[in-house]
Every structure is written in structure tokens, then in C-alpha cells.
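These notes are about the structure you will find just below.
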Amino acid sequence: MDVKGSLFRKIASVLILGGSIIGCGGSGDINIAPVTNDSSVDNSVSNAAAQTNPCASNGTIQGDFEAPHCFYSTAFADSGVNITTDMTLVDLDDDGAHVFYGSVFIGEVGATAAELAADGITKGGDGPKLTLEAGVTMAFVDNTKFFVIGRGSQIFARGTAAKPIVITSLSDVQGTIDSPEAVSQWGGMVINGFAVTNKCSYTGTRGEAGFALDGTCDLGSEGSEGQDTNRYGGDNDADNSGVLEYFIVKHTGAQVANGDELNGLTFTGVGSGTTVSNAQAYSTYDDGFEFFGGAVNMENYVAVYVNDDSIDIDEGYNGTITNALVIQNETNGNRCIEADGIGSYSSKTDAFIQDMFTRKLNSRPTIKNLTCIFSPVQKVGSDNVTVGTTATGTHDPGAGFRLREGLWPTIENALVI
């Protein structure tokens, strides 16, 4: 069965309000035996021994090939064991997956910007690059593990409609998930960049000559603590963290490190030089995609079975989202969009708020061509008449948009159902 190709054909070529979107859904049916952290290979099997090992190397250790899958121990990658060289994951035959026992951190994500600069890392592309070939599946063994692209590092994940790239859980690969709506099977993904966040201080006006940091900007990203430390922030809204095309993040969301509930994919300080198109968040415990500052643009986005906000905007995000389709679970989902213009708005002075507006540091998202199908949990009276809603979902009842204080949004062609 062509598992990876079938994912994007499950909800294919959905036309919404003038925009064409590709979607997907469902779990794979690849069956492999349960695995342990023993990364040894049984060389007594002559056929397996005769095959060339297609697994990636971190510069010193190569993954173990047990056809059709590659397995990577915690000595290969984990919290505190960062990938510091360029690395490529190839598309494996027979629906093989790259299975990681530890978290994956690409680049020196725990360093401050000053320390990174001392090593020649001041923008996306200076650090190590991770390349995922079309059709690649990455899988993580449990919900304590997550996937981070550090500041200065880049990910190049160019899938296709027939061969999307899938980031998921081992349980999904094994086909042992109870339902396609299952969440918290692994942590989630974070991309950190050097773009603007209004939690840092700046001189000048955003987007104009002379705009620069006033001091340092090294904010802890979601899940950042101890060996899981990863940071974001800077003054370069054009920063480039790589390419995500035909890219699916599935079955995510669990408390990691400092208690953060990771999203499907978290963009922290990610710049407009980054390409995101034909992307999907599928079955996530927390938000689908969340944007903390930055200016990354996204085209053709599908969110299915997201338990919290499908699109969450914070900290001065200033990008454009074009063509989006949100379909909530029938009885469990929160908002299609939640957006903050200025965090902790009620505690800020009028002078502070006006300064944010004047220097364009509040969130100013543009959202074009959005279909939002939300599912409030309804309470029905004895006369079979709906009398209200009740918050029985994971977070809150389903809803359309929550646009909070200090936000300057542009929304064109939106349908809320």
C-alpha cells in the first residue's frame, strides 16, 4: 500500500474561495515489531546484512538499518546531543521510516545569539542543514520527544502531492493508534529564527532603515529548559529557516520540559525568507501551527482534528496566510484563529501600546481565503431545541475567530461555518 502517497489523496485538491488546497488524513498501516533502545543489528540475517545501509550519519554515528526502517539511538540524537553537521534523510523503500528514540535538535539551539555569532551563526543558513527527501517519514517513539530546528539552522523538506513528508509517531507507523484522531503520541516540532518578536526591545521602526535590537533577544522557545533549551529572536524579518512543502505533522502534543504543551508546529521568530506551502497539522492536542513573532508566509494550509487553536498568532507576527482550510473534530476543537496583537495588553500603559502601534511591533497578520468549519459542543434541551454550548472539549467549545487587543489584522474572503 502506498501509505505516504495516499495521505494527501484522502482530502485532495479541495477548492476554497478561489484557493486550491491539498489536504490529508488517516493513519498508516505499516506494521513493524515493537522496538527498544537496543540499536544493534542482527547480522545473522544474510539478506539484511547484504543491503547497503541507507540510514543517515550525524558525522560520527550512522543509524541502524533493519529493513525497511532506520533506527537512531539516543547517542545519535537527543536532548543535549545536537546534530551539528549537515544531514540528509533519504526516502526509504517499502514505506520505511526514520525512527528516533531521542529528541532531534538541529544546530546549537541552546546558545545565545552572541555565542552563535562568535561561531559565525547570525542568520538562517549559517548553521547545519537538515534535508528530507520527498516521501520521507520521521517517527518518534513517545510523547517526551520533540523536533527542533535551531536559530541559524535550516530544514529543506520538499515533498510532493504524491510523496509528502510526514513527521509522526512510531505508533502511527506501527498502525497501533486507536483512532485517526489520536493525539499526544509524540511531542511536536519547533522552528526557531532570528526574526522580530515584540517581547524584545528595538530601536527604530520595523521595516524601516535603522531598525535594530536594543540589547539582546534570546527568548526560550516552547519546551525550553535544561538540555531541552532552544531559543529564538532577533531583528531580521527576512531570516530564512528553509523550505517546507507538502509537509504533514501528525498526532502531536504533550507536556515536555517545563510543562509546555507543544503544538503541531511552532514558528518562533521565523522570517519571510522561509517557504511554507501545502502543509498540514493533523490530530494535535494543542494548537495546529502557532506563530510567535516573525514574518514567515504560508500558502495552502489544512488543519484537521486540532484540539486547540488551528492558527495561533502572537508576539508581533507580521506575515500572510493564503488559502487555509480548518475542519474540527465533531465534538472537540477550539478556535480556527486565535490572535494577540500585544501580549498582556491590559497590563500595558497607553504610552507603551501607542509605541507598539507607531513602530509596527504589534501583530499585523494578513489572512486570505480561509474556510473554518468549527464544531461547538451543543447542549440539547428536552424539547430537542439547542439551548447553548458546553465546554466538554479538551480546551473550550469550538469557535471561529478570537481576535484580541492590539491586533491589526487584514482578513479577506473568510467563511466560518
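By how many nm would the segment from E405 to D142 lengthen if fully extended, with 0.36 nm per residue of separation less the alpha-carbon distance?
Working: separation 263, 0.36 × 263 = 94.68 nm, distance 3.74 nm.
So the extension gain works out to 90.9 nm.
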Inset, instruction - Any chance you could run the full-extension gain for A75 through T112? It's 0.36 nm times the residue separation minus the Cα-Cα distance, nm to one decimal. - result: 10.9 nm
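Per residue, how much accessible area does region 87-244 show when a 1.4 Å probe rolls over the protein heavy atoms, in square angstrom? Write down the numbers at each step before the final one.
Numbers: 5200 Å² over 158 residues.
Ligands and nucleic acids excluded, the result is 33 Å² per residue.
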Legend entry - Candidate aspartates and glutamates for bridging to K250, where Cα separation is under 16 Å - those fewer than 8 sequence places away on the same chain excluded: D29, D142, D172, D178, E181, E261, D286, D287, E290, D308, D309
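Between D214 and D86, what's the calculated FRET efficiency when r is the beta-carbon distance and R0 is 51 Å? Round to 0.05. It would help to have the intermediate numbers written out before the result.
On the way: r = 34 Å, r/R0 = 0.67.
Efficiency computed from Cβ-Cβ geometry: 0.90.
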Inset, instruction - Select from L92, N82, L116 the residue farthest towards the positive end of the dipole of region 80-132; place +1 on Cβ of Lys and Arg, -1 on Cβ of Asp and Glu, and compute about the Cα centre. - result: L116
Inset, instruction - Multiply the residue gap between S201 and Q227 by 0.36 nm, knock off their C-alpha separation, and tell me the result in nm, one decimal place. - result: 6.7 nm
Legend entry - Computed magnitude of the charge dipole of region 89-150 (debye, nearest 20; Cβ of K, R +1, Cβ of D, E -1): 280 debye
Inset, instruction - Give me the Kirkwood hydrodynamic radius of region 227-302, using the inverse of the mean 1/r over all pairs of distinct Cα atoms, in Å to one decimal. - result: 13.1 Å
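Does region 48-105 come out rounded, prolate or oblate by the C-alpha gyration tensor, with a ≥ b ≥ c the root eigenvalues, rounded set by a/c under 1.5 and, if not, prolate when a/b is larger than b/c and oblate if not?
Working: a/c = 1.99, a/b = 1.82, b/c = 1.09.
It is prolate, given that a/c is not under 1.5 and a/b is the larger ratio.
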Inset, instruction - Compute, for L415, the solvent-accessible surface of its heavy atoms (probe 1.4 Å) with the complete set of protein chains present, and express it in square angstrom to the nearest 10. - result: 80 Å²
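For region 108-267, what is the convex hull volume of the alpha-carbon atoms per residue, in Å³?
Numbers: hull volume 19.6 nm³, N = 160.
About 122 Å³ per residue, rounded to a whole number.
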Inset, instruction - Over the residues of region 85-140, compute the C-alpha Rg and express it relative to 2.2 N^0.38 Å. - result: 1.41
Inset, instruction - Determine which residues of region 260-277 fall in the zone a paramagnetic label at F156 would reach in this model, i.e. backbone nitrogen under 16 Å from the point 7 Å along Cα→Cβ. - result: 274-276
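What does the charge dipole of region 57-120 about its Cα centre add up to, to the nearest 20 debye, if the Cβ of each Lys and Arg holds +1 and the Cβ of each Asp and Glu holds -1?
Numbers: 0 positive and 11 negative charges, 50 e Å.
For this selection, approximately 240 debye.
Taking the highest mean first, how do the peptides 136-143, 188-195 order by number of other beta carbon atoms within 10 angstrom per residue?
Working: 136-143: 23.9, 188-195: 31.1.
Result, highest mean Cβ count within 10 Å first: 188-195, 136-143.
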Legend entry - Accessible solvent surface per residue of region 262-353, calculated while the other protein chains remain in place, 1.4 angstrom probe, Å²: 23 Å²
Inset, instruction - Among DSSP beta bridges whose residues both lie in region 77-181, state the antiparallel percentage, nearest 5. - result: 5 percent
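The values are calculated or read from the model by the stated rules, or taken from the named source; none is laboratory data. Since the model is a prediction, treat every value here as computed from it, not as a measurement. Glycine also receives a Cβ, built like all others from the backbone with ideal geometry; neighbour counts cover every protein chain displayed. These area figures cover heavy atoms from the full protein model, side chains too; ligands, DNA and RNA do not enter into them. Shrake-Rupley method; radii C 1.70, N 1.55, O 1.52, S 1.80 Å.
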